[in-house]
Amino acid sequence: MNTISYKYIDTQIQLDKLEKGIAESSFAALDIEGNSMHSYYERVCLMQISIENGSFIVDTLKDIDFSGFTKTLEQKLLILHGGDYDLRMLDKDFGFKPKFKIFDTQQAASLAGIQKTSLSELLKEFLGLSHPKDQQLSDWTKRPLTEKQLSYAAADTAYLKPLADKLTELLDSMGRSEWVSQSMKDRAKNTPKYKVKSSREKWRVKGYSALEPAGLRFLREIWELREDIAAKIDLPPFKVMRSSSMIELSKKLAEKPSYSLAKSKFLPKTCKGEFYGVLKKRIEHARKLPESRWPERFVKRGKPPSHDKALTKKLRSFVLQAAEERGIDPSILVNKAGIEEISRRKPQTEAELREVLQLNDWQFDILEAKFISIIQSHTS
């Protein structure tokens, strides 16, 4: 990667000056660095921005007023790469809500049928640049940051505009300029929001469904202890105890009442002293719970009726064919949930189909006539 020139912003005067530069620029390439790999309390640690007059790294841990700055940034054409996490975190910390268009280079690459869509792969293919990943797991809360960390961070946005230009040229040559234009508007209207899970969902970690209620009672207690410890020492929960270990331990405790906690291979090495003592008490508490208070397996309320599997298969077959003809992933046209919802509701007209699916016009242009034909033939 070439040496990148950037300015480090950590004062109100510098931020206000950058805000004016953003207001005058036709775009803002944007990325963030967070601390989710190192802290329990997740937050935006850096904001990287590249505009027409240069690249900037904003220290978002500084006690300065970002309100005017983010409002100006919201109004610009934003260029990101795989920006869901960035937008969720910006929403969480700053109430950031894009008002114009978003060009996501990863999404654009997918629309062009490109299989390898990581930033490093795209920079190499389109600009002949390398993008080292050696600082990817850095602790971005530490100050001062090293020159190596800052150069890595700056590189995340410095080349997004020329990359976006190359992808736009490619999509234009493929007759897909309207695809990306509509997707940019849709991306801004439907930006991901930061959501806090309800207390009913929080402890149900990945893989929990493998447990019966007898095991879930232990999982809930172990999870709550892990959260307490992680919050107290400000570490990500997975660094206190892995979810897979919690599930395996819960399973053993449910299967064998005499299971030896002291000899368990599923406890982390740090589970000693107070940690071990409190864990033991939590497990005993779970063991004594009457069956009426065991957690139930989580079932979403209002579960939709079963879809018509035969119709789903026909619709899916067409989507696969249409995607293959265009050299794109089938999910770009419509995802599995969308196909199943269509087979459930069986819309008979294009207007009814558009009530079922929230897609862009270019997607409907490919799908709607054939979908209606398949549905009508299936139901006649």
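Quick note: the coordinates plus some simple rules give every number you see, no bench work behind them. Just so you know, these numbers come straight off a predicted model, no measurement behind them. Methodologically, a virtual Cβ is constructed for each residue, glycine included, from the backbone with ideal geometry; neighbour enumeration extends over all protein chains shown.
Note on the chain: GNM, Cα springs under 10 Å; of Lys263, Lys17, Lys161, the largest mean-square fluctuation is that of Lys263. Comparing Gly273, Gly128, Gly207 in a Gaussian network model of the chain, where Cα atoms under 10 Å apart are tied by springs, the biggest mean-square fluctuation is seen for Gly273.
Among the lysines, select those whose C-alpha is under 25 Å from the C-alpha of Lys252, and discard any that sit fewer than 8 residues away in the same chain. Straight-line reach from Lys252, under 25 Å: Lys202, Lys206, Lys239, Lys263, Lys265, Lys269, Lys272, Lys280, Lys281, Lys288. In straight-distance terms, cross-link reach from Lys92 covers every one of the lysines whose alpha-carbon lies under 16 Å from its own, apart from those fewer than eight places away in the same chain; here that gives Lys71, Lys193, Lys195, Lys197. For Glu325 and Glu212, the difference between the fully extended length at 0.36 nm per residue and the C-alpha to C-alpha distance is 36.2 nm. For trypsin sites (Lys or Arg not before Pro), the sites in segment 154-215 that DSSP calls loop and that have at most 12 other Cβ atoms within 10 Å are Lys193, Lys195, Lys197, Lys206. Within the straight-line cut-off of under 15 Å between alpha carbons, the aspartates and glutamates reachable from Lys256 are Glu212, Glu248, Glu284, sequence neighbours fewer than 8 places apart in one chain being disregarded.
The mean of 1/r over all pairs of different alpha-carbon atoms in the chain, once inverted, gives a Kirkwood hydrodynamic radius of 24.3 Å.
With a threshold of 18 Å on the Cα-Cα distance, the over-threshold entries among Lys99/Lys185; Lys76/Lys99; Lys76/Lys124 are Lys76/Lys124.
Taking GluC sites (Glu not before Pro) in DSSP loop conformation with at most 14 other Cβ atoms inside 10 Å as exposed sites, the chain has its longest uninterrupted site-free stretch at 53-295.
The ranking of Phe298, Phe69 from fewest to most other beta carbons within 10 Å of each one's beta carbon is Phe298, Phe69.
What you get for segment 309-379, charging only the Cβ of Lys and Arg (+1) and of Asp and Glu (-1), is a dipole of about 440 debye around the Cα centre.
The charge dipole of segment 1-74, taken about its Cα centre with unit charges on the Cβ of Lys, Arg, Asp and Glu (plus for the first two, minus for the last two), comes to roughly 80 debye.
Here the Gaussian network model covers the chain, with springs between Cα atoms less than 10 Å apart; of Pro192, Pro98, Pro213, Pro213 fluctuates the most. Here's the picture: charge each Lys and Arg Cβ at +1 and each Asp and Glu Cβ at -1 in the chain, and of Ser380, Ser36, Leu253 the one pushed furthest to the positive end of that dipole is Leu253. Taking N as the residue count of segment 6-189, its C-alpha radius of gyration divided by 2.2 N^0.38 Å amounts to 1.00.
Taking the centroid of alpha carbons for each part, segment 241-286 and segment 332-350 are 45 Å apart. Amide H contacts for Asp104 (H built 1.01 Å from N in the peptide plane; partners 5 or more residues away or on another chain; cut-off under 5 Å): Leu80. For Leu289 and Lys232, what is the calculated FRET efficiency with R₀ set at 25 Å and r taken between the beta-carbons, to the nearest 0.05? So the FRET efficiency works out to roughly 0.50.
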